[in-house]
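See below for the structure under consideration.
Just so it is clear, none of the values below were taken in a lab; they were calculated from the coordinates. Here the structure is a predicted model, which is why all the values come from computation and not from measurement. Backbone-built Cβ (ideal geometry, glycine too); neighbour counts: all protein chains shown.
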Amino acid sequence: MIVKRQCYKECLIEQFLMELHLPKKLINDLINNKRIVLNGNILTFGSNIKKNEEISIVLDNYDVNDIIPYKYNIRVIYEDSDIIIVNKERGILIHSDGNTCDTLLNAISYYYRGKDIGKIRVIHRIDMETTGIVVFTKNIISYHYLNYQMENGLIKKQYIALVKGVFNSESGVIDYPIGSNRHYNNRYVVSKNGKKAITKYKVIDCKNNISKLLVTIETGRTHQIRVHMAYINHPIIGDSLYGDGDKLMLHSYLLGFMHPESYKYIEYKLLPSEDYNI
């Protein structure tokens, strides 16, 4: 498998690879193992590349997809040589918890079985009961480029949620730190000792004491929206952990990020099911 990238300025090859947000160890491995090629010539440390020149990164037998395939009908929203964006259904894990391979990551591995791609990696994690848009990468180069954006809060993430109650204002910001709940495994609470978490919301509709929200998260804490909404006494409808019910009404609606090949900002949206109409 070969990944191609166009240089957007004149620079040394190691500088260009760093600006793709590749770790130093990976950069050293790629160059030392003669995997960076320009016009048929192998590049070494100190090699100069010019603006608009295209390098080839040879990943044959290096970035191998070893994810166990799981036969499952995935719903593809978009795909290219670097990423695949899918519509996650309710009730399936994003990736293995160590006990099962019946996950979306394994299902995508099955989708690409026998094809020349790198290892499938997840960028955007959502809860098992959350539905909607999720992005995966198809090689280690695109993974590091998108993962850098995710870790630094540069990926735009919006959700649609149905919550209990009526809000006093049409929009608001919830800025409370979130930490682990020491009394319950796999649950989280607002805690002064927790990590910073910021959730913004806008009321789209309100009826029968239920509010439909457009939620934007600036951080990515586990169960962030669920914890924040429960804390302000507007738990998400059907939340079995922080409210009541067994059908969580939380949908990953929008992802926006810089594409790893074009370096241009793109957005993908996916409307929720009719269950969200109130």
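Assess whether Ser142 counts as being assigned to a strand (DSSP E or B) and in contact (Cβ under 8 Å) with a residue 40 or more places away in the chain.
Answer is no for this residue.
Which residues, taken from the stretch 67-93, are out of contact with any Leu (no Cβ under 9 Å at 6 or more places or on another chain) and either in a strand (DSSP E or B) or farther than 16 Å from Ile141 by Cβ (or both)?
Selection gives Ile68, Pro69, Lys71, Asn73, Arg75, Val76, Tyr78, Glu79, Ile84, Gly91.
Go through Val64, Val58 for me and flag whichever is under 19 Å from Ile140 (Cα atoms) and in contact with a strand residue (DSSP E or B) (Cβ under 6 Å, 6 or more places away or on another chain).
None of the others qualify; the one that does is Val58.
Please specify each residue of the stretch 94-124 satisfying the condition of being in a loop (DSSP other than H, G, I, E, B), surrounded by 15 or more Cβ atoms within 10 Å (Cβ to Cβ) and either touching a Pro at 6+ places or on another chain (Cβ under 8 Å) or of a type outside the set (A, V, I, L, M) (or both).
Answer for the stretch 94-124, where residues must be in a loop (DSSP other than H, G, I, E, B), surrounded by 15 or more Cβ atoms within 10 Å (Cβ to Cβ) and either touching a Pro at 6+ places or on another chain (Cβ under 8 Å) or of a type outside the set (A, V, I, L, M) (or both): His95, Ser96, Cys101, Tyr112, Gly118, Lys119, His124.
Suppose the filter is assigned to a strand (DSSP E or B) and of a type outside the set (A, V, I, L, M, F, W, C); does Lys4 pass it?
yes
How about the stretch 154-191: which of its residues are in a loop (DSSP other than H, G, I, E, B) and charged (D, E, K, R)?
Hits for the stretch 154-191 are Glu170, Arg182, Arg187.
Would you say Gly243 is surrounded by 16 or more Cβ atoms within 10 Å (Cβ to Cβ) and not in a strand (DSSP E or B)?
Yes; evaluated as a whole, the condition is true for this residue.
State whether the residues of the stretch 15-28 include one that is of a type in the set (Val, Ile, Thr), under 23 Å from Asn147 (Cα atoms) and more than 26 Å from the chain's Cα centre (by Cα).
Taking every residue of the stretch 15-28 in turn, none turns out to be of a type in the set (Val, Ile, Thr), under 23 Å from Asn147 (Cα atoms) and more than 26 Å from the chain's Cα centre (by Cα).
For the stretch 54-93, name all the residues that are loosely packed, with under 12 Cβ neighbours inside 10 Å and within 30 Å of Asp239 (Cβ to Cβ).
Asn73, Arg75, Val76, Gly91, listed by residue number.
Among the listed residues Lys71, Lys25, which satisfies the condition of being without any contact (Cβ under 8 Å) to a residue 40 or more places away in the chain, under 30 Å from Asn99 (Cβ atoms) and either in contact with a Lys or Arg (Cβ under 7 Å, 6 or more places away or on another chain) or of a type outside the set (S, T, N, Q) (or both)?
Lys71
What do you reckon, is Met150 part of a helix (DSSP H, G or I), touching a Pro at 6+ places or on another chain (Cβ under 7 Å), surrounded by 15 or more Cβ atoms within 10 Å (Cβ to Cβ) and not aromatic (Phe, Trp, Tyr)?
no
Output the qualifying pairs, or none if there are none: Cβ atoms under 8 angstrom, residues six or more apart or on different chains, first residue in the stretch 39-62 and among the acidic types (Asp, Glu), second residue assigned to a loop (DSSP other than H, G, I, E, B) and surrounded by 12 or more Cβ atoms within 10 Å (Cβ to Cβ).
Final answer for the pair search is Glu53/Cys7; Glu54/Cys7; Asp60/Met1.
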